[in-house]
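To start, the structure itself, in structure tokens.
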Amino acid sequence: MKLRRLILALSAATLLTGTAFAQTPIVIKFSHVVANDTPKGKAAERFKELAEQSLKGRVKIELYPNSTLYKDKEELEALQLGAVQMLAPSLAKFGPLGVKEFEVFDLPYIFPGKDVLYRVTEGPIGKELLKKLEPKGITGLAYWDNGFKVMSANKPLKTPADFKGLKMRIQSSKVLDAEMRALGANPQVLAFSEVYQALQTGVVDGTENPPSNLYTQKMHEVQSNVTVSNHGYLGYAVIVNKKFWDGLPADIRTGLEVAMKDATKYANAIAQQENDKALEAVRKTGKTAVYVLNDKEKAEWRKALLPVQKDMESRIGKDLISAVGKEATALGYK
């Protein structure tokens, strides 16, 4: 009788322990380097909300914005090592990782409009690029838009000649390096979290960013001039540690994919709105002059920067650059 009671007690304890274990949520650490009130920050919040709601406590998404966990140079290694499970790095980050094809997104004037961009990111080209991350232990889930870039400095930037000798902050990208050199500037690679102080102290003279990044990081406070050039694009890929992702229960993976799909629609819908609002907010400060290039000036910029596309064919792939060009042609761009 005692033995029977002991077996029943052990069985009950095992059942309770198993139930408790089964109810422990899977933690997904999602790290990124921008503020919460940017398109990426808001999309990450939306993903967290949707995923936790639909999976009813089976997952917990922990968000770490503004480089609170890792800086630009550290985050990809942290993901590969499993210290974090999810990131949304800018597409330029994958070149230094060894997947140079992603630098096609950095090419100046490669996307004449958002319609071309979305044909690339949502079509076969975008899917094929994400697959190239798998040998690095990374699974690509989605592309999040953050819009076209403006230039900033403490002087007006209206023509390529205005860049001569300026120290311009860039992400670590051979394409962006070539871009700044084509303008006569000296490119300086810096982590995003270090840019404000570098601008403030004169370590660098200027930078390029979508308006939402410029404004939320308060860069406009230490830059007297902003030029709306739309010369280049900045977007992100939402990625996960492949081993972690493959090890998730199939139904949880499906739930996360659905949440990611909805968050991606949201991210891409608000990107332009957020950039427009940020640019208007910069204007309203009265401290930073915002200049929009006229047609003649745009032509000068294009003339200076378009050769970068040709120069980068051997690095990125002539066929890939051509394929993006064909998407633009298909939509009526010349």
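The values are calculated or read from the model by the stated rules, or taken from the named source; none is laboratory data. Keep in mind that what you see is a predicted model, and the values were worked out from it rather than measured. Here the Cβ is made from the backbone with ideal geometry for all residues, glycine too, and neighbour counts use every protein chain on show.
Among the residues of region 29-51, those that are outside any loop (DSSP other than H, G, I, E, B), surrounded by fewer than 20 Cβ atoms within 10 Å (Cβ to Cβ) and touching a helix residue (DSSP H, G or I) at 6+ places or on another chain (Cβ under 7 Å) comprise Lys42, Arg46. A count restricted to region 136-162 and to residues that are in contact (Cβ under 8 Å) with a residue 40 or more places away in the chain, assigned to a helix (DSSP H, G or I) and either surrounded by 22 or more Cβ atoms within 10 Å (Cβ to Cβ) or acidic (Asp, Glu) (or both) stands at 0. Applying the selection to region 297-317, what residues are among the basic types (Lys, Arg), under 25 Å from the mean Cα position of the chain (by Cα) and surrounded by 12 or more Cβ atoms within 10 Å (Cβ to Cβ)? Hits for region 297-317 are Arg302, Arg315. Filtering Pro307, Pro249 for residues that are out of contact with any strand residue (DSSP E or B) (no Cβ under 7 Å at 6 or more places or on another chain), under 24 Å from Phe94 (Cα atoms) and modelled with pLDDT of 95 or more leaves a single hit, Pro307. Quick check: is even one residue across region 286-294 among the aliphatic types (A, V, I, L, M), within 28 Å of Ile138 (Cβ to Cβ) and at pLDDT 95 or above? There is no residue in region 286-294 that is among the aliphatic types (A, V, I, L, M), within 28 Å of Ile138 (Cβ to Cβ) and at pLDDT 95 or above.
Would you confirm whether or not region 52-69 contains a residue that is among the aliphatic types (A, V, I, L, M), part of a loop (DSSP other than H, G, I, E, B), on the phi < 0 side of the Ramachandran plot and crowded, with 21+ Cβ neighbours inside 10 Å?
Step one: filter region 52-69 for residues among the aliphatic types (A, V, I, L, M), giving 55, 59, 61, 63, 69.
In the following step, the residues that additionally are part of a loop (DSSP other than H, G, I, E, B) were identified as 55, 69.
Restricting the remaining residues to those that are on the phi < 0 side of the Ramachandran plot gives 55, 69.
Keeping just the survivors that are crowded, with 21+ Cβ neighbours inside 10 Å gives none.
No, region 52-69 contains no residue that is among the aliphatic types (A, V, I, L, M), part of a loop (DSSP other than H, G, I, E, B), on the phi < 0 side of the Ramachandran plot and crowded, with 21+ Cβ neighbours inside 10 Å.
Residue-wise test of (1) touching a strand residue (DSSP E or B) at 6+ places or on another chain (Cβ under 6 Å); (2) within 19 Å of Asp145 (Cα to Cα); (3) of a type in the set (Ser, Thr, Tyr).
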position: Val34; (1), (2), (3): no, yes, no
position: Phe47; (1), (2), (3): no, yes, no
position: Gln53; (1), (2), (3): no, no, no
position: Ile61; (1), (2), (3): yes, no, no
position: Asp72; (1), (2), (3): no, yes, no
position: Gln80; (1), (2), (3): no, no, no
position: Ala92; (1), (2), (3): no, yes, no
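Does at least one position in region 110-130 carry a residue that is basic (Lys, Arg), closer than 16 Å to Asn241 by Cα, modelled with pLDDT of 95 or more and surrounded by fewer than 23 Cβ atoms within 10 Å (Cβ to Cβ)? No, region 110-130 contains no residue that is basic (Lys, Arg), closer than 16 Å to Asn241 by Cα, modelled with pLDDT of 95 or more and surrounded by fewer than 23 Cβ atoms within 10 Å (Cβ to Cβ). Of note, Gly247 does not satisfy the criterion of being on the phi > 0 side of the Ramachandran plot and surrounded by fewer than 21 Cβ atoms within 10 Å (Cβ to Cβ).
Val195 meets the conditions (1) outside any loop (DSSP other than H, G, I, E, B); (2) more than 19 Å from the chain's Cα centre (by Cα); (3) among the β-branched types (Val, Ile, Thr) in every case but one. The failed one is (2). If you check Leu133, Leu107 for being touching a helix residue (DSSP H, G or I) at 6+ places or on another chain (Cβ under 8 Å), of a type in the set (A, V, I, L, M) and surrounded by fewer than 22 Cβ atoms within 10 Å (Cβ to Cβ), only one passes: Leu133.
Of Ala13, Ala44, all but one fail to be under 30 Å from Gly98 (Cβ atoms), small (Gly, Ala, Ser) and either in contact with a Leu (Cβ under 7 Å, 6 or more places away or on another chain) or modelled with pLDDT under 90 (or both); the exception is Ala44. Pairs linking a residue in region 165-176 that is more than 13 Å from Thr207 (Cα to Cα) to a residue that is buried (at least 18 other Cβ atoms within 10 Å of the Cβ) and β-branched (Val, Ile, Thr), with Cβ atoms under 7 Å and 6 or more positions apart or on different chains, are Val175/Val308. Looking at region 235-244, which of its residues are crowded, with 17+ Cβ neighbours inside 10 Å and either part of a helix (DSSP H, G or I) or in contact with a Pro (Cβ under 8 Å, 6 or more places away or on another chain) (or both)? Result: Tyr236, Ala237, Ile239, Lys242, Phe244.
Which residues, counting only those in region 198-211, are surrounded by fewer than 16 Cβ atoms within 10 Å (Cβ to Cβ) and part of a helix (DSSP H, G or I)?
Within region 198-211, Gln200, Thr201 qualify.
Of the set (1) crowded, with 16+ Cβ neighbours inside 10 Å; (2) farther than 30 Å from Gly82 by Cβ; (3) out of contact with any Phe, Trp or Tyr (no Cβ under 7 Å at 6 or more places or on another chain), all apply to His231 but (3).
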